[in-house]
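The values are calculated or read from the model by the stated rules, or taken from the named source; none is laboratory data. Worth saying up front: this structure is predicted, and the values here are computed from it rather than measured. For neighbour counting, all protein chains shown are included, and Cβ atoms are generated from backbone atoms with ideal geometry for every residue, glycine included. Please note that ligands, DNA and RNA were not included when accessible areas were found on the heavy atoms of the full protein model with its side chains. Shrake-Rupley method; radii C 1.70, N 1.55, O 1.52, S 1.80 Å.
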There are 12 protein chains.
Amino acid sequence: MAIYKKIEIVGTSKTSFAEAVKAAVAEAGKSVRKMSWFEVVEQRGAIKDGKVVEFQVTVRIGFKVED
Amino acid sequence: MAIYKKIEIVGTSKTSFAEAVKAAVAEAGKSVRKMSWFEVVEQRGAIKDGKVVEFQVTVRIGFKVED
Amino acid sequence: MAIYKKIEIVGTSKTSFAEAVKAAVAEAGKSVRKMSWFEVVEQRGAIKDGKVVEFQVTVRIGFKVED
Amino acid sequence: MAIYKKIEIVGTSKTSFAEAVKAAVAEAGKSVRKMSWFEVVEQRGAIKDGKVVEFQVTVRIGFKVED
Amino acid sequence: MAIYKKIEIVGTSKTSFAEAVKAAVAEAGKSVRKMSWFEVVEQRGAIKDGKVVEFQVTVRIGFKVED
Amino acid sequence: MAIYKKIEIVGTSKTSFAEAVKAAVAEAGKSVRKMSWFEVVEQRGAIKDGKVVEFQVTVRIGFKVED
Amino acid sequence: MAIYKKIEIVGTSKTSFAEAVKAAVAEAGKSVRKMSWFEVVEQRGAIKDGKVVEFQVTVRIGFKVED
Amino acid sequence: MAIYKKIEIVGTSKTSFAEAVKAAVAEAGKSVRKMSWFEVVEQRGAIKDGKVVEFQVTVRIGFKVED
Amino acid sequence: MAIYKKIEIVGTSKTSFAEAVKAAVAEAGKSVRKMSWFEVVEQRGAIKDGKVVEFQVTVRIGFKVED
Amino acid sequence: MAIYKKIEIVGTSKTSFAEAVKAAVAEAGKSVRKMSWFEVVEQRGAIKDGKVVEFQVTVRIGFKVED
Amino acid sequence: MAIYKKIEIVGTSKTSFAEAVKAAVAEAGKSVRKMSWFEVVEQRGAIKDGKVVEFQVTVRIGFKVED
Amino acid sequence: MAIYKKIEIVGTSKTSFAEAVKAAVAEAGKSVRKMSWFEVVEQRGAIKDGKVVEFQVTVRIGFKVED
C-alpha cells in the first residue's frame, strides 16, 4: 500500500490566496517529487501603509514516498 | 419562525477558491431551492506533475425549508 | 517592547475572498493606524436566486499601539 | 447492528435556545422518522433595533435507518 | 458593499443563557448602533453555596459600520 | 495560592439547558464542597416519537480544594 | 469539474472501529452511488454490564454527483 | 432525571485501538458501576526499535450516578 | 447583573511568556479600567540569528463595564 | 498493559505559568500516586488594580493505576 | 535535556486503522532513527464500488534528535 | 515573494516553558538557517516522584527558504 509524507509550507502572493498556494507548491516541487494534494491550514497576510501587501497561506503538502 | 437545512458540498475549480465555491452552489441549486448562505468548511486541492490542478472547497449551504 | 491590539472586521466583496479582505482592511484603516497583519478567521457568503452574491471574510487585524 | 444518519437543521425561536431546538426537531420530523438524539453545533441570533429578535440553533439530528 | 465590526461582550443573568445574551446585547447597544447578529462563544457560570447563581454567556456581536 | 479541581457531570432536564445545568450542579454538590464555577462543554438531547424529551448538558465544575 | 456531496452516517460494530466504518459505508451504498472517500468524525461506543458492547463511528462519506 | 459523571482513562494494548478501549473500560469497571458509554478523546502510541509496541487510547467514560 | 467586555492584546517580552502577559495588561490599563481577568489565546515569538528574541502572547482581557 | 487515569487541576501562582503547574502537581500528589505526566489545557489569570495578580493553569495529570 | 522532532506520515492499509499506523511507522523508520511515539491526527479512507478499499491514518511521529 | 517552511520540534527544560522553547530553537538552528518565528503548539511535561521534572513544549518553527 502507498505511504505519503506531509510537509508544511507558507506561500506568499501580492494578489490572492490561490496564487500564494501555487507559490508554495512550486517551491516544494524543488525538493520533493510525486506531490499529490495540499490542505490549507492557515490564511494570514501583511498590511503596510493601510493596504494589504501580501497574502500568506500555510499549506500541508502530501507526496508519495518512492520505493 | 423560519427553519433552515444545511447540506455539505465539495466544489472544484481549476482557477481559484471563489470559483470552486460558485461551482458547489450551482450544483446544489439543481436539487434545493431558497438557498440563503454558505460557510467554508475546508480548502484543499490536487497537485499533478508539480502543479496545482484543482482547488477544492467544502461548503455548508443553508437553505430555507418551504412550507 | 512593542504592543499590538487586534480588532475583528467582516469585509465583503462580490468577486472573491481576497477582495473581501482588502475591503475589511480599508475600512479598519479609517479608525486605526499602524496596521501590521491580518488573520482570516471565517469565510462565509450570501446566496440569492441560486447564485453567490457576496463573499464575506472575518479577519482579525493587528495594529501597533502608538506611544 | 443499527445504523444512523445525521442531518443538520437550523431552528429559530423568539424566546430561547431550547425552543429553537424544538422547532428544528419538529421540522425534521416531517421528513425523517425514528429520530433518536440531537447535538447542538452552533448558537447564534439576530438583532434588530438593539434587541434580540431571534435565537438560532444549529443541531445535528441522528435518526435510525429503517430496514 | 457593507462592512461589519465584531465586539465581544459577556452578559450575565440569574435565570438563563437566553437572558444573559439579552443583557449583553442591551449593554452593547449603549455604545454601538446598527447591531445585526450575535454568536455564542462561551457559556459559563458562577456557583455559590452549592447553587447556580449566575449564567454567563460570551457573545460576539456584529454591527454595520456606518458611512 | 488556591488550587481547584474540575469534575465533569452530565445534567438532564425536560425543559431547558439552564435546568440541566442546575441538575448537574445539584448532584455534584452531594459529593464535593466549595464549588465555584461551571463551564458548558457539550449540549445534546434525546428525541422520542418526534419530540425533544431530554436536554443534556455536560458541564465541567470547578471547586476549591480544602486545606 | 467534478462536484461531490457529503453525508454523515453512524456505523456500529461489536468488534472494532474498522468494522463500524464498513457498516456505515455499506448502508450509505443503498441510497447513493459513486462513493469516493470517508472521513472519521467521531468515535464513541456503548457499555453494558461493564463491557464494551458496541463501537460507534461517525463518518462523513463523499460521493460524486452524477451528471 | 438521570445524572451522569464522566471520568478520563487511558487504556493500552499491543494489538489495536479497540483492545485499548476495552482495557480502559475494564479498569474503570473496578471502581465505578453503571457505565453507559465512552467517547474516544485521543489516540497515541509508543514506538520501540522502529516498531509500534503500544496503542494508547484516552476515553471519557460516562456512568450513571446512583441514587 | 454585571456586564464585561473583552479586548484582544498582543504583549511582547524578551524573557518569558509571563512577562509578555504583564506587558499586554499594562498597556490595556492605559485605556480601560476595572480589568478583571485575562485568557491566553496564542503564544508565538520571533527568532533572529538563530535565537529567540521575543515572546509574543495574545491575551483576551475582560473588564467590567461601568454604570 | 498499563492503565492511566487523568484528573483536571487548576494551579495558581503569583509569578509564572510554570509555578502554577508545579502548584497543581503538588496538590494532586496529596491524593494520587504514580503521577506520570501533565498536559496544559488552559492558561488564564486574574487582574486587580491594573496588575496581573495570579497566573492560573489548568492541567490534566495522568497517573498510573496501581494493581 | 532531550530534543525531539516530529514528522507527519500517512499510512494506509486494507484491513484496519492499526495496520495503517504500523505501515506509517515502518516507512518512517527507513529515514529516521530513535522513534519514540506517534499521535493520530486524522483518519480517512478510500471507497470503491461501494466498499472500503483503504484505511488511511495520518500520524505525527516523534523521534529523538541524536547528539 | 518569500517562501517559508515549518518544522515541528519538541524542546524540553527543567525550569520553564520559555527555556524549553529556547532549547527547541537552538536545536533546530543546527540544521536550518534563516529561522524567522515560532508558534507554540502544545505544552506538556513529565512528573516523577510527585514533582515536575521536565517542561515540554512543541513549537512549529518557520524559516525562509533560501534561493
* To do: Give the stretch I:18-41 a look and list any residue that's under 16 Å from C:ALA2 (Cβ atoms) and touching a strand residue (DSSP E or B) at 6+ places or on another chain (Cβ under 9 Å), or say none.
  => I:GLU19, I:ALA20, I:VAL21, I:LYS22, I:ALA23, I:ALA24, I:VAL25, I:ALA26, I:GLU27, I:ALA28
* Structure fact -> Among the residues of the stretch B:1-19, the number that are among the small types (Gly, Ala, Ser) and open to solvent by 20 Å² or more (accessible area, probe 1.4 Å) is 2
* Asked: For the stretch E:43-67, what are the residues that are of a type outside the set (Val, Ile, Thr) and open to solvent by 50 Å² or more (accessible area, probe 1.4 Å)?
  -> E:LYS48, E:ASP49, E:LYS51, E:LYS64, E:GLU66, E:ASP67
* To do: Return the total of residues in the stretch D:1-39 being over 22 Å from D:VAL52 (Cβ atoms), at the interface with chain F (Cβ under 7 Å from one of its Cβ atoms) and either touching a residue at least 60 places away in the same chain (Cβ under 8 Å) or in contact with a helix residue (DSSP H, G or I) (Cβ under 8 Å, 6 or more places away or on another chain) (or both).
  => 2
* Structure fact -> Selection from the stretch B:20-31 of residues among the aliphatic types (A, V, I, L, M) and open to solvent by 20 Å² or more (accessible area, probe 1.4 Å) yields B:ALA23, B:ALA26
* Structure fact -> Pairs returned, first residue in the stretch J:47-67 that is touching a residue at least 12 places away in the same chain (Cβ under 8 Å) and among the polar types (S, T, N, Q), second residue that is in a strand (DSSP E or B) and surrounded by fewer than 17 Cβ atoms within 10 Å (Cβ to Cβ), beta-carbon separation under 6 angstrom, 6 or more apart or interchain, are J:THR58/J:VAL41; J:THR58/J:GLU42
